[in-house]
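The values are calculated or read from the model by the stated rules, or taken from the named source; none is laboratory data. Just so you know, these numbers come straight off a predicted model, no measurement behind them. As a convention, Cβ positions derive from the backbone with ideal geometry for all residues, glycine included, and neighbour counts pool all protein chains shown. Note: accessible area is taken over every heavy atom of the protein model, side chains too, but ligands, DNA and RNA are not part of it. Shrake-Rupley method; radii C 1.70, N 1.55, O 1.52, S 1.80 Å.
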Amino acid sequence: SMGRVVHFEIHATDPERLAAFYRDLFGWTVQRWDGPMDYWMVMTGDDALPGIHGGLMRRHGDAPSDGQPVNAFVCTVDVADLDATLERAVALGGSIALPRQAVPGVGWLAYVKDPDGTIVGALQADEDAS
C-alpha cells in the first residue's frame, strides 16, 4: 500500500512571528497546541477539500544560511509499521535523522534522511503512544 503525506511541519526560530506570517499570507489558522510539546497546529483549510494540515515548532539549532541548499517544510508520511519503514530506509541507502519517539495521543514518529540528505517524517498512528 502507498504511504500518504498526512502532515507537514514548519521549523521556526520565532514561532509566534512565523505563525503571524502564515496567518496573514495564506489565511491559515495557527494556534498553540495544548499538548505536552511546544507546538502550534496549522489548519490550512476546510476538511472537506483536498489537502493536509500541519504544524509549526521551535527550530533546534540555527536557521539555514543563504547560499545553502533549499530548506523547506518537512512532510510526514503515514506508515503501517514504523520500525520496518526505518529498517527499509537504511537498507535503501538512507539514514535515521531522529529515532522513533512518541507523539502522545497521535502515534510514533521518526525522521529519515534520504540518500541525498533530505529529511522526511514517518508516522505510525497509535492513539496509545506515550
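Looking only at the range 11-51, which residues have a backbone nitrogen under 18 Å from a spot 7 Å from the Cα of residue 4 in the C-beta direction? Flagged as within label range: 43-51.
Between residue 31 and residue 128, the FRET efficiency from the beta-carbon distance, with R0 = 30 Å, is close to 0.75.
Backbone phi angles across the range 84-94, fed through the Karplus curve with coefficients 6.51, -1.76 and 1.60 (θ = phi - 60°), yield HN-Hα couplings of 5, 5, 5, 4, 5, 4, 5, 4, 8, x, x Hz in residue order; Gly and Pro are listed as x. For the range 85-130, the square roots a ≥ b ≥ c of the C-alpha gyration tensor eigenvalues yield an a/c of 1.5 or more together with a/b exceeding b/c, which makes the shape prolate.
Label positions at residue 38 and residue 72, each projected 7 Å from the Cα along the C-beta direction, are separated by 2.7 nm.
For the range 1-116, the solvent-accessible area works out to 67 Å² per residue, with a probe of 1.4 Å and every protein chain left in place.
Give the percent of DSSP beta bridges with both residues in the chain that are antiparallel, rounded to the nearest 5. Display every interim value, and only then the final one.
Numbers: 25 of 33 bridges.
Percent antiparallel among DSSP bridges in the chain is about 75.
Approximating the spin labels as points 7 Å out from Cα along Cα→Cβ, the residue 58-to-residue 90 distance works out to 3.1 nm. Ligands, DNA and RNA left out, the accessible area of the range 1-66 computed with a 1.4 Å probe is 53% carbon and sulfur.
Computed from Cα positions, the angle between helix 15-26 and the longest principal axis of the chain comes to roughly 80 degrees.
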